[in-house]
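Asker: Here it is, the structure in full.
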Amino acid sequence: MALVPMKELIVKAQKEHYAVGAFNCNNMEIVQAIVAAAEAENAPVIIQASQGAIKYAGIDYIAALTRIAANSVKIPVALHLDHGTSFEQCIQCIGNGFTSVMIDGSKLPLEGNIALTKRVIEIARILEVSVEGELGKIGGTEDDISVSEKEAFFTDPLDAERFCKETEVDALAIAIGTAHGQYKGIPKLDFDRLKEIVKRVSTPIVLHGSSGVPDDAIREAVSLGVAKVNIDTNIREAFTDAARKVVTDNPKEIDPRKMLGPAREAAIEVIRQKIRVFGSNGKA
């Protein structure tokens, strides 16, 4: 089916108390893995591309691959820009068929973040494209976006209330203890903060940096109101581990398909497992 706006997926998830998985892609095999996993689980899904992925694969390729993938299945699929940092980049993605964009103004003062987010929304609304904003800084590294542990800070519930009221954003990414990349230890999420934010805003909540967060903690966050969960690192780990095993076991192998095929299958399995944790299986 044709690509759909992200808002359609996460509003339904919020009402029915599950979360939609948002999985980062970098190449054709990962796009294929995402839709294959979601179709197998009969789940709605969000394919998202970061700035690094766009730089690597090209915005035209990502948009075309995702459209082809979405048209090959009956489940709803959204294409989302992950961590867009400029108005221009968001508009470029919208022009290339993305059905959702994230404008990450979290490094700006609150007023600047609100102003930038509203500017993107003004254009996106006309074209029925969803917009995700971010409040608070999520630690770790997301391609070329890096936030040190000292810089990372949690989302203030009062700021979240003001941000959502003034911007009318479709989704809000919050910082409650997750981080991008691989964790050094086991993350501890601030569930009390999440409860307070959910109490103050009606906007669907997004959890970034969820690879490495224990399944029970993810389930708890979803039960408290998280409607979109981002996964990238776990896919990279499964994909590269499988490809590496082929090369290790067969040092003379020169057929990329023999490496990337098993890598794709490994990605499918980890994505299916995440979908079940989020509770979105059977919700398409």
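Rundown of residues vs (1) in contact with a Gly (Cβ under 8 Å, 6 or more places away or on another chain); (2) under 24 Å from A53 (Cα atoms), yes/no style:
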residue	(1), (2)
L189	yes, no
D215	no, no
F239	no, yes
I254	no, no
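Asker: Among the numbered criteria (1) touching a Ser or Thr at 6+ places or on another chain (Cβ under 6 Å); (2) farther than 21 Å from A19 by Cβ; (3) at pLDDT 80 or above, which one does R162 miss?
Answerer: (1)
Asker: Something else: If we scan region 185-193, do we find a residue that is in contact (Cβ under 8 Å) with a residue 60 or more places away in the chain and closer than 27 Å to E16 by Cβ?
Answerer: no
Asker: Residues that are within 29 Å of I197 (Cβ to Cβ) and either in contact (Cβ under 8 Å) with a residue 24 or more places away in the chain or not hydroxyl-bearing (S, T, Y) (or both): does region 57-66 have at least one?
Answerer: no
Asker: State whether one or more residues within region 124-138 are at pLDDT below 95 and assigned to a loop (DSSP other than H, G, I, E, B).
Answerer: Yes - at least one qualifying residue is present in region 124-138.
Asker: A follow-up question, please. Criterion first (among the acidic types (D, E), over 19 Å from the mean Cα position of the chain (by Cα) and modelled with pLDDT under 95) does D143 satisfy it?
Answerer: Taking the combined requirement at face value, the residue does not satisfy it.
The values are calculated or read from the model by the stated rules, or taken from the named source; none is laboratory data. The structure displayed is predicted, hence computed values, not measured ones. Neighbour counts run over all protein chains shown; Cβ positions are idealised from the backbone, glycine included.
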